[in-house]
Amino acid sequence: MSHLDINTPKGKISLLHEQDAIKIFEKNCQWQYFQTLKDSPCPIDGILIKDGIIRGTVETKCRDLTIDQLSKYDWEWLVTAQKIINCVKISEQLHVPLFGFLYLIPEKKLLMKELWNPKKGFTSNFNVLRSITQATINGGTIERSNAYIKMDDARIFS
């Protein structure tokens, strides 16, 4: 089995934050969040179910940012562009929207936004730029194509 960052100490802490985000989502919405296996490199983090029917796929990220700090970054959420492309492929096959969940750890706030829809295509404004960023939750740096997704119009739950 390949090394997965989720299995490291920092990855395990991130997984706990993801659980907090899921609880907030389910408390505020009439949908359920079903996780994908965390011990495999699945392209999506979860599937959203309502009334027993798959309604969406999810890419979830937890960031050590406040709303105020995010606003200073022009409300842009950085996600690896390839990750978004891979998530869209699954959403296309299931014919359901892809949602982005950005969990802001210090304030325990969940920002939720539809990113892609099978009837409309991409539904969120974002730029893809090649940039040097942190490689993984465990550090390091890498140059790659990153999506900078505008979250100023996201739904905010707490």
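The values are calculated or read from the model by the stated rules, or taken from the named source; none is laboratory data. Remember, it's a predicted structure, so these values are computed and weren't measured experimentally. Note that we place each Cβ from the backbone using ideal geometry, even for glycine, and neighbour counts take in every protein chain shown.
Just one of the listed residues (Arg55, Arg130) is in a strand (DSSP E or B), more than 26 Å from Phe157 (Cβ to Cβ), at pLDDT 95 or above and of a type outside the set (Val, Ile, Thr), namely Arg130. Candidates Thr141, Thr123: the one that is over 16 Å from Glu18 (Cα atoms) and at pLDDT 95 or above is Thr123.
Only one entry of Lys38, Lys61 meets the criterion of being outside any helix (DSSP H, G or I) and more than 17 Å from Ile156 (Cβ to Cβ), and that entry is Lys38. Taken over the range 75-87, the criterion of being β-branched (Val, Ile, Thr), surrounded by fewer than 21 Cβ atoms within 10 Å (Cβ to Cβ) and not in a strand (DSSP E or B) is satisfied by Ile85 alone. Taken over the range 22-35, the criterion of being assigned to a strand (DSSP E or B) and loosely packed, with under 13 Cβ neighbours inside 10 Å is satisfied by Phe34 alone.
For the range 43-52, the criterion of a residue being touching an Asp or Glu at 6+ places or on another chain (Cβ under 7 Å), over 14 Å from Phe157 (Cβ atoms) and in a loop (DSSP other than H, G, I, E, B) is satisfied by at least one position. Taking the conditions (1) among the aliphatic types (A, V, I, L, M); (2) closer than 19 Å to Gly139 by Cβ; (3) in contact with an Asp or Glu (Cβ under 8 Å, 6 or more places away or on another chain) in turn, Ile13 satisfies each one other than (3). Residues of the range 77-100 that are over 23 Å from Leu15 (Cβ atoms) and touching a helix residue (DSSP H, G or I) at 6+ places or on another chain (Cβ under 8 Å): Pro97 alone.
Pick from the range 50-74 the residues that are touching a helix residue (DSSP H, G or I) at 6+ places or on another chain (Cβ under 7 Å) and closer than 20 Å to Thr123 by Cα: which of them is surrounded by the fewest Cβ atoms within 10 Å (Cβ to Cβ)? My answer is Ile54.
The residues of the range 138-155 that are surrounded by fewer than 15 Cβ atoms within 10 Å (Cβ to Cβ) and among the β-branched types (Val, Ile, Thr), listed by number, are Thr141, Ile142. Among residues of the range 110-123 that are farther than 19 Å from Phe25 by Cβ, those with a Cβ under 6 angstrom from a residue that is among the aromatic types (Phe, Trp, Tyr), sequence gap 6+ or separate chain, pair up as Phe122/Trp116. Selection over the range 89-126 of residues that are aliphatic (A, V, I, L, M), more than 12 Å from Lys150 (Cβ to Cβ) and in contact with a Gly (Cβ under 9 Å, 6 or more places away or on another chain) gives a count of 4.
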